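Peer 1: Have a look at the structure that comes next, please.
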Amino acid sequence: MPEIEAPTLLDNSPAAPAVAPSDNPLLEDWTANGGVPPFSRIRAAHFQPAYAQALAEHAAEIAVIAAQPEPPTFANTIAALELSGRILERIDNVFQLLAGAHTDEALMKVERAMAPLMARHWNQIRTNAALFRRIDAVMRTADSLGLDAEQARVVERYHTTFRRAGAALEERAKRRLAEIMERLAALGTAFSQNVLADEQAFMLRLEDEAELAGLPDFIRESLQSEATERGIDGYPVTLSRSTVEPFLQFSDRRDLREKVFRGFVMRGDNGGSTDNKAIAAEMVRLRAERARLLGYADFVHYRLEDAMAKTPTAVRDLLGAVWRPARASALTDRDAMQALIREDGGNFKLEPWDWRYYAEKLRRRVCDFDETAIKPYLSLDRMIEAAFYTAGRLFGLNFTPRPDVAVWHPDVRAWQLSGSDGKEVGLFFGDYFARASKRSGAWMMSIREQQKLGGDTPVIVNVCNFAKAPGGEASLLSFEDARTLFHEFGHALHGLLSSVTYPMIAGTNVATDFVELPSQLFEHWLQQPELLRRFALHYQTGAPMPEQLLARLIAARNFNKGFATLEYIACAETDLDLHALPPPDPGDPPLDARAFEAASLERIGMPEEIVMRHRLPHFAHLFSGGGYAAGYYSYMWSEVLDADAFAAFEETGDIFDPTTAQRLRDCVYAAGGRQEPAEAYKAFRGRLPTADALLRKRGFAAPVVAVN
Ligand SMILES: [Zn+2]
C-alpha cells in the first residue's frame, strides 16, 4: 500500500537506477517525431534518471538567467525563462500521462519520489530572489520597453505567479513555504494512490440471474467484458463512475445497490493504510498556513484573487441563487419517488442508493423516456465522429486517423488535425476505456503545448473511463457519457486551437473558473436535434434515432436536474467552507473530515437522500494535486458563461453560424490567457453575462413541474 513519504526523507538528487543516458528514450529529442514520445520503449526505470538530468539542466539554465550581468530585458529574462526547462516539461508530461492513465506499482513508486522533488524545484525557482528582482524590473519598466500586448500580458503573468508563490517574502517565510509545498506534493500523491487502491480493492461479483435482476444487456455485457479483462467468471461490478451509476439506476436488488453505493462513497474513508481523512485535514491546514504566510486571510481569498470571480461573495451569491430553485426541484422529485415506492407496495424510506433507481422509473413515467432505448444509438465511435464534425463545422478542422503513431496502451487512438487550409494543427489522442491501471474520472492533458516561440504544434490527450464492450463489439455510451466525451473534447480544442507565442499563456493556461467555458460550451452541440439526427444512429442497423425518441430525449434533458445540481453545489460549498478555515491554533483538535462535511451539508440544507458528488476522502479535484482547491465552484461559474455564449449562436438562428464561430475561436479557443477572462468574454459577446441563461438552461427559470 502507498505510504506518505515524510519530507525529511527527501534527497535532492533522486537515487537513479543504473540506466545510461544514451539508453534512455526519455532523454531523446522526439520533437522531430511530431512531439510523440517513443512510448513502446519507455519503462518506469527510465524516469528517475531522466528527471535527475532534466532537473539539473533546468536549474543551470535558471542560474544563468538570474546571474547575468546585463540589465533585465524582456528577451534576456522573460523570453529566456519561457525557453528554459523544455526537456523537464517533456518528461514530466509523459510521466503525468502514464501516472494517471496507465499506472503500476513501479510508476507509483516514482510518483511518490518525484512529486516532492518537483514541488521543491519549482518552489526554488519561483522564490529565487535574484530572478524575481529581474522580473520585477521588467514589470516596472514594461511601458517603456515597446512590448506588444501579448508580451505585456506574459510579463504580468510572471510577476503575479512569482509574487503569489512567495518570491517577495523574507527568507524564513520562504523556507517554511518550501516545506509546505513539498509536504503538500507528497500528500497529494498519497491521496490519489489511496483512492486508486480502494477502487482496485472493491469488487462485487454477480453470479446468477437473481443478482443480475433489472440490469439491461448493455450493463451485463460491459460487466462481462470486465470479467474477461480480469480473467475471472461472473459479472464483476467495480467502482468506476460509468459502472456504478448505471448499476444504481437499474439494479432491482436494493441490497446490492446499497453495497455498491457504500463502496463508492466510502472510497478513501475505510480506515487503515488507504484512509484519506487525515491527509485531507493536513492539506487543508497547510494551505491555510500558506495563505497566511502570503498575506491572505485564508486560502479561498488567495485562490479567488487570481480567478475571474475575484471574491468569495461573488461565488457564494451565484451558488446560493442556483441552490434555492434546485433544492425545491429535488424535493419535489423526492416526494414523487417516495409516492412511487408506496405505489409499488414498498414500505421503506427513499435512501441515497435508491435515488437513481426510482428517478429512472419516474423518468420513464413522466417523460416516457428509457435510457436503454437511447443507448443503442449512442455508440462511442459515432459520438467521436459527432464531436469531430462539430469541430469541423465551427472551426474548419479535419481529422485523419493515425494508427501508425506510438501509443501507451492498445486501446488508445490517435488523429492528426489539419485546418481548412490544409495546414497541420496538431495531434489528438483519445484514451476512452476504463481499466484497472487508470484513475477514475475524465480529463484532458497536454503531451506538448502549442507555442510559437519554440515552434511547437500541440499534442493533446483526452482520458475517459467508459465501459468497454466485449469482443470488439461497439461500445455504447449513456447520454451522460456522451456529454463527458464532448466536455473533454472541448478542453482538447482549447489546447489544439491555441495560437499564441508564449507557453505561459498557451491553451488551457487560463483562470480555473474560465477554463470550463470551452469544455462546457462544446457540450451544447451534442444536445441539438440537428447533430443527434446525423450521429445518433443505431449501432447495429445504422438507422437514425426515431424522431419521437429524439424529442423525448431532448424533453427529458432537465429531468432530475435538481439532484445533479445539489450533489454538485454541495461539493462547491463544502470546498469553500473547508478552505476558509484559519490555520488551527496549537492544541486545537485535528480536523475531522467526516464531521466537517456533515456540518457543511447541514448548513446549506442538503436533503439527506442525496450525497455529495465527491465526498472529501476521495475528492481528487481538491486533494490530488489541488488544481481545484477552493475552485470547485468553477464549473458553475463557467456555466454562466457557456449558457450565455451558446445563446449567441441561437440568436443567429444557426448553431454553426460562421461569424460567431470565428469570434469564439479568436477570443476564446485560440486566445489562451492573452487577456483577463472577463475581457476575453466581452470581446466575444460584447458584454458580461448574468445567471439568467444558466437558470433557464437547468430548467429552474420556469415553475417546477409537479408530478402525480
Ligand atoms: Zn472540465
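The values are calculated or read from the model by the stated rules, or taken from the named source; none is laboratory data. Just so it is clear, the model here is predicted, and its values are computed rather than measured. Because the Cβ atoms are built from the backbone with ideal geometry, glycine has one as well, and the counts that use them run over all protein chains shown. The protein model used for the area step is the full one, side chains on, heavy atoms only, and it has no ligands, DNA or RNA in it. Shrake-Rupley method; radii C 1.70, N 1.55, O 1.52, S 1.80 Å.
Peer 1: Here is a list: Arg439, Arg435. Which entry is closer than 30 Å to Ile42 by Cα, open to solvent by less than 30 Å² (accessible area, probe 1.4 Å) and in a loop (DSSP other than H, G, I, E, B)?
Peer 2: Arg435
Peer 1: Please go through segment 478-507 and pick out each residue that is of a type outside the set (A, V, I, L, M, F, W, C), out of contact with any Asp or Glu (no Cβ under 6 Å at 6 or more places or on another chain) and within 13 Å of the ligand (Cβ to nearest atom).
Peer 2: Thr484, Glu488, Gly490, His491, His494, Gly495
Peer 1: Go through (1) assigned to a helix (DSSP H, G or I); (2) surrounded by fewer than 19 Cβ atoms within 10 Å (Cβ to Cβ); (3) touching a helix residue (DSSP H, G or I) at 6+ places or on another chain (Cβ under 8 Å) for Phe132 and report which single condition fails.
Peer 2: Evaluating Phe132 over (1) assigned to a helix (DSSP H, G or I); (2) surrounded by fewer than 19 Cβ atoms within 10 Å (Cβ to Cβ); (3) touching a helix residue (DSSP H, G or I) at 6+ places or on another chain (Cβ under 8 Å) leaves (2) as the failure.
Peer 1: Specify which of the listed residues (Ala106, Ala119, Ala165, Ala99) is among the aliphatic types (A, V, I, L, M) and surrounded by fewer than 19 Cβ atoms within 10 Å (Cβ to Cβ).
Peer 2: Selected residue: Ala106, the only one of Ala106, Ala119, Ala165, Ala99 that is among the aliphatic types (A, V, I, L, M) and surrounded by fewer than 19 Cβ atoms within 10 Å (Cβ to Cβ).
Peer 1: Given the conditions (1) touching an Asp or Glu at 6+ places or on another chain (Cβ under 7 Å); (2) outside any loop (DSSP other than H, G, I, E, B); (3) open to solvent by less than 30 Å² (accessible area, probe 1.4 Å); (4) among the aromatic types (Phe, Trp, Tyr), report the number of the one that Tyr632 does not fulfil.
Peer 2: Of everything listed in (1) touching an Asp or Glu at 6+ places or on another chain (Cβ under 7 Å); (2) outside any loop (DSSP other than H, G, I, E, B); (3) open to solvent by less than 30 Å² (accessible area, probe 1.4 Å); (4) among the aromatic types (Phe, Trp, Tyr), Tyr632 misses just condition (2).
Peer 1: Where the second residue is open to solvent by less than 10 Å² (accessible area, probe 1.4 Å) and within 12 Å of the ligand (Cβ to nearest atom) and the first is farther than 12 Å from Ala387 by Cβ and lies in segment 485-499, which pairs have Cβ atoms under 8 Å and are six or more apart or on separate chains?
Peer 2: His494/Pro518; His494/Ser519
Peer 1: Which of the residues belonging to segment 556-605 are over 24 Å from the mean Cα position of the chain (by Cα) and without any contact (Cβ under 8 Å) to a residue 24 or more places away in the chain?
Peer 2: Residues satisfying the conditions are Asp585, Pro586, Gly587, Asp588, Pro589, Ala595, Phe596, Ala598, Ala599, Glu602.
Peer 1: Does any residue of segment 462-477 turn out to be modelled with pLDDT under 95, within 20 Å of the chain's Cα centre (by Cα), under 25 Å from Ala645 (Cβ atoms) and within 15 Å of the ligand (Cβ to nearest atom)?
Peer 2: No, segment 462-477 contains no residue that is modelled with pLDDT under 95, within 20 Å of the chain's Cα centre (by Cα), under 25 Å from Ala645 (Cβ atoms) and within 15 Å of the ligand (Cβ to nearest atom).
Peer 1: Where residues in segment 203-221 are modelled with pLDDT under 95 and in contact with a helix residue (DSSP H, G or I) (Cβ under 7 Å, 6 or more places away or on another chain), which of them is surrounded by the most Cβ atoms within 10 Å (Cβ to Cβ)?
Peer 2: If we take residues in segment 203-221 being modelled with pLDDT under 95 and in contact with a helix residue (DSSP H, G or I) (Cβ under 7 Å, 6 or more places away or on another chain), then Ile219 is surrounded by the most Cβ atoms within 10 Å (Cβ to Cβ).
Peer 1: List pairs: first in segment 435-455 and of a type outside the set (A, V, I, L, M) and within 16 Å of the ligand (Cβ to nearest atom), second open to solvent by less than 40 Å² (accessible area, probe 1.4 Å) and part of a loop (DSSP other than H, G, I, E, B), Cβ under 7 Å, 6+ apart or cross-chain?
Peer 2: Short answer, once both residue conditions are applied: Ser440/Ser240; Ser446/Pro458; Ser446/Gly507.
Peer 1: What do you reckon, is Arg153 in a helix (DSSP H, G or I) and without any contact (Cβ under 8 Å) to a residue 24 or more places away in the chain?
Peer 2: No; evaluated as a whole, the condition is false for this residue.
Peer 1: If we scan segment 649-662, do we find a residue that is open to solvent by 10 Å² or more (accessible area, probe 1.4 Å), of a type in the set (Gly, Ala, Ser), out of contact with any helix residue (DSSP H, G or I) (no Cβ under 8 Å at 6 or more places or on another chain) and modelled with pLDDT of 95 or more?
Peer 2: So far as segment 649-662 goes, yes, one or more of its residues are open to solvent by 10 Å² or more (accessible area, probe 1.4 Å), of a type in the set (Gly, Ala, Ser), out of contact with any helix residue (DSSP H, G or I) (no Cβ under 8 Å at 6 or more places or on another chain) and modelled with pLDDT of 95 or more.
Peer 1: When you go through (1) free of Cβ contacts under 8 Å to residues at least 12 places away in the same chain; (2) of a type in the set (A, V, I, L, M); (3) touching a Ser or Thr at 6+ places or on another chain (Cβ under 7 Å) one by one for Val138, which number turns out not to apply?
Peer 2: For Val138, the exception is condition (1).
Peer 1: Do we have Val510 as open to solvent by 20 Å² or more (accessible area, probe 1.4 Å), assigned to a loop (DSSP other than H, G, I, E, B) and either away from the ligand (no atom under 11 Å from the Cβ) or among the aromatic types (Phe, Trp, Tyr) (or both) here?
Peer 2: Yes: the conditions hold for Val510.
Peer 1: So which pairs qualify, if the first residue must be in segment 508-530 and of a type in the set (Asp, Glu), the second must be near the ligand (Cβ under 10 Å from one of its atoms), the Cβ gap must be under 8 Å, and the two must be at least 6 apart or on different chains?
Peer 2: From residues that are of a type in the set (Asp, Glu), the pairs are Asp513/Ser634; Asp513/Ser638; Glu516/Ser634; Glu516/Tyr635; Glu516/Ser638; Glu523/His487; Glu523/Gly490.
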